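First the structure, in the form of structure tokens, and then the observations on it.
The values are calculated or read from the model by the stated rules, or taken from the named source; none is laboratory data. As the structure is a prediction and not an experimental result, all values here were calculated from the model. Neighbour counts are summed over all protein chains in view; Cβ atoms, including those assigned to glycine, are modelled from backbone coordinates with ideal geometry.
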Amino acid sequence: MSVRPHGGGNNTTAGAPVELADVSKSFGGVQVLKPLRLALVPGEMLALLGPSGCGKTTTLRLIAGFEAPDTGSIRVAGRDVTGLPPNKRGLGMVFQNYSLFPHMTVGENVAFGLRMRRTGRAEKARRVREMLATVRLDGYEDRLIHQLSGGQQQRIALARALATSPSVLLLDEPLGALDKNLRERMQFELRDIQRRLGITSILVTHDQEEALTMSDRVAVMAHGEVLQVGRPTEVYDRPLTRFVSEFLGTANIFAAVVTGANGPNRWSVALDAQPHAAGTVESPAALAPGQRVTLAVRPERLSLGPPTDGTVRATVRDVVFRGTYFAYELTASGQPQPVFAYTQLRQPVAADAAVGLSWEPGGAVILQDTA
Amino acid sequence: MRRVRPYRLARPSWCVPVIAYLLVFFVIPLIANLLRSRPVDAAIGGGPFFYYVKLLTDPYYAGVLLETTKVALITTFVCLLVGYPVAYFMVRFAGRWNALIVFCVVAPLLTSIIMRTFGWRVLLARRGVLNAWLLDWGLITRPFELADQPIAVYIGLVHVLVPFMVLSINAVLQGIDVQLEDSARVLGAGRLRTFWHVTLPLSVDGIATGCILVFVLTNGSFLTMLLLGGGRITTLSLLIYQQFSTTQDVGFAAAMGNVLMLVALLGFLLQFRLLRRRGVKP
């Protein structure tokens, strides 16, 4: 089954499948989207990740055509669609609450886009069958929407969006209404279908795990702007700012001073909270001794050991078993916020025990903002 | 052992006063009316259905029945045409102005029908406001007689009854997720086709409720016909009024009332069936 996007000029080098050039939007004097530049790579799944009100949904609605941008232009498959209504943009979209037409059968829902394009009866039926097979709901044509489970409804919504072979698929919190187990299964399934069809997709989500699991690239948004775009491992391991670091997971933030070079791209730092504690960070940019920096260390990058020289002295406050790991909550003297460390195995430390924390050189990142 | 009953705010017994009230002031009079519609005077002959036969077979009364239906159908249709856009606007675009629009829509119902109807007479009269404006703007050269015309009756009826249409459709439109319309748009449907394929079919319940309400209420109203029609529109309800007030033919009036009642019941039965058929909704 080969379902290639048939948007005009898509297979030529006409440009990115979706390209936003300085697109901005205000609602009632509040700028919800600052001028935004974004270009998608053909066939990729890009996640727009951010807390509610960060402008991710507005970005999606601008691309879909439900809102008109105040400035800038939007190109889809090399064509300027800025002034076009949603029905002329050749997109597919899946909504959070499925948004299936309750007065139509499953088959009629999936066929709706084809019907709007006045596709022939035989072709329409063939295409509906093909799409239902794609989402593994063969033979569901005559079912009514309210007879389906949440997961099935979501799959039908996907089939309906894909039936017209859109050049780009927009996913607005597509799995938000599903419970945890089903959501995880659907993440992989949706990802699998997207890869198989090679359809360029934009996923809007506030769930960092979903963004990291499903996408080729993640664009982290806050306050109407994109803070960082990169591969999931990149934004997770090399966040540029404290916000990105903390939004993608737990991060321990330390203020420190550079004490000297320590190998290629490596520098020694001393923590403000505990000047005797030394650590190493990697940084592609050159650092000067005496320079003040902010470090972020992921809890799973911290290792617990005896409180020897050079380690960060801390006291164990609590241990929580989280299923796949143990989460330690610690207090480091001089550090106001608690420190978190995750370990695969339970460490031989009791509550209130004094421990030493350390990390491998690659485990700490220098953030651009100050602590 | 004491059985613990689940907590309920209301108990069935709370309905007793209402049922008693309806029994005395609604059901019993209806039965009385049914009995009254039989000819008292045995001398007239023709059996217990004499008045009904007369109503349906006499060309004049059959004509009145036909006219009643025509007036009700036209009023319903105009109310639908006028009311649907208003209801749609209220739900989709009005936002915080919604309360004001609701007030404006309901306002006609808050004024007395006599006041309202005479208001229309003032506006529509030969030397009334409307004619004065039309003359001033040079749109007409001679004033029209608009009062005492069928058009005045329709204007009056639509004015009173359109709120029922607007509120019925409004209630159903509120329940239609905007995202359904958004979905249709992305799938390639323009505004009109989105309305035709998604919004309209999903609001059929509201349309049906509104239409049946307006239809039944039109059948029952006679003051508008009496005060604005100038005798040019005679409907069954107006005839009942006349039978009571002028000819005092109580039996015949009762029979006509029962026919009107039957029409109303059929309307509600239709609505009930319609809702039942579309019943299960997520």
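Restricted to the stretch A:241-284, and to residues that are of a type in the set (A, V, I, L, M, F, W, C) and within 21 Å of A:Leu203 (Cβ to Cβ), which residue is surrounded by the fewest Cβ atoms within 10 Å (Cβ to Cβ)?
At the first step, the residues of the stretch A:241-284 found to be of a type in the set (A, V, I, L, M, F, W, C) are A:243-244, A:247-248, A:251, A:253-258, A:261, A:267, A:269-271, A:273, A:277-278, A:281.
Filter once more, keeping what is within 21 Å of A:Leu203 (Cβ to Cβ): A:243-244, A:247-248.
Values: A:Phe243: 18, A:Val244: 25, A:Phe247: 23, A:Leu248: 22.
The qualifying residue surrounded by the fewest Cβ atoms within 10 Å (Cβ to Cβ) is A:Phe243.
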| message | Quick check on my filter: what residues within the stretch A:38-57 are among the polar types (S, T, N, Q) and more than 14 Å from chain B (Cβ to nearest Cβ)? | response | A:Ser52
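Just checking: which of the helices (runs of 4 or more DSSP H) contained wholly in the stretch B:43-128 hold 1 or more residues that are within 23 Å of B:Leu161 (Cβ to Cβ) and out of contact with any helix residue (DSSP H, G or I) (no Cβ under 7 Å at 6 or more places or on another chain)? Let's see the steps before the verdict.
Details: elements: B:50-57, B:59-89, B:98-110, B:113-124.
The qualifying helices (runs of 4 or more DSSP H) are B:59-89, B:98-110, B:113-124.
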| Of B:Tyr61, B:Tyr52, which residue is touching a Lys or Arg at 6+ places or on another chain (Cβ under 8 Å), modelled with pLDDT of 85 or more and surrounded by 10 or more Cβ atoms within 10 Å (Cβ to Cβ)? | B:Tyr61
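Every residue, every condition in (1) buried (at least 18 other Cβ atoms within 10 Å of the Cβ); (2) part of a loop (DSSP other than H, G, I, E, B), yes or no:
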residue: A:Asp318; (1), (2): no, no
residue: A:Gly323; (1), (2): no, yes
residue: A:Ala327; (1), (2): no, no
residue: A:Thr331; (1), (2): no, no
residue: A:Pro348; (1), (2): no, yes
residue: A:Ser358; (1), (2): yes, no
| message | Pairs please, first residue from the stretch A:186-214 and under 15 Å from A:Arg155 (Cα atoms) and free of Cβ contacts under 8 Å to residues at least 40 places away in the same chain, second anywhere and small (Gly, Ala, Ser) and buried (at least 24 other Cβ atoms within 10 Å of the Cβ), Cβ atoms under 7 Å, 6+ apart in sequence or on different chains. | response | none
| request: Filter the stretch B:231-282 down to residues that are within 14 Å of another protein chain (Cβ to nearest Cβ) and not in a helix (DSSP H, G or I) and give me whichever is modelled with the highest pLDDT. | output: B:Gly279
| query | With B:Val204, B:Val198, B:Val186, B:Val166 as the choices, which residue is facing chain A (nearest Cβ under 9 Å), touching a residue at least 40 places away in the same chain (Cβ under 8 Å) and not small (Gly, Ala, Ser)? | reply | B:Val204
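Working carefully through the options B:Ser183, B:Ser203, find the one that is out of contact with any Lys or Arg (no Cβ under 6 Å at 6 or more places or on another chain) and over 30 Å from B:Thr69 (Cα atoms).
Working: B:Ser203 fails: over 30 Å from B:Thr69 (Cα atoms).
Result: B:Ser183 is the single residue among B:Ser183, B:Ser203 that is out of contact with any Lys or Arg (no Cβ under 6 Å at 6 or more places or on another chain) and over 30 Å from B:Thr69 (Cα atoms).
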| Among the numbered criteria (1) touching a Gly at 6+ places or on another chain (Cβ under 8 Å); (2) closer than 17 Å to B:Leu187 by Cβ, which single criterion is violated by A:Glu141? | (2)
| Are any residues in the stretch A:77-130 at the interface with another protein chain (Cβ under 9 Å from one of its Cβ atoms) and charged (D, E, K, R), and if so, which ones? | A:Lys88, A:Arg89, A:Arg115, A:Arg117
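Are there helices (runs of 4 or more DSSP H) fully within the stretch B:170-223 with at least 2 residues that are of a type in the set (Ser, Thr, Tyr)? List them.
B:204-220
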| note | Considering the stretch A:25-36, residues that are free of Cβ contacts under 8 Å to residues at least 40 places away in the same chain and surrounded by 11 or more Cβ atoms within 10 Å (Cβ to Cβ), and then whichever is farthest from A:Ile202 (Cα to Cα), we arrive at A:Phe27
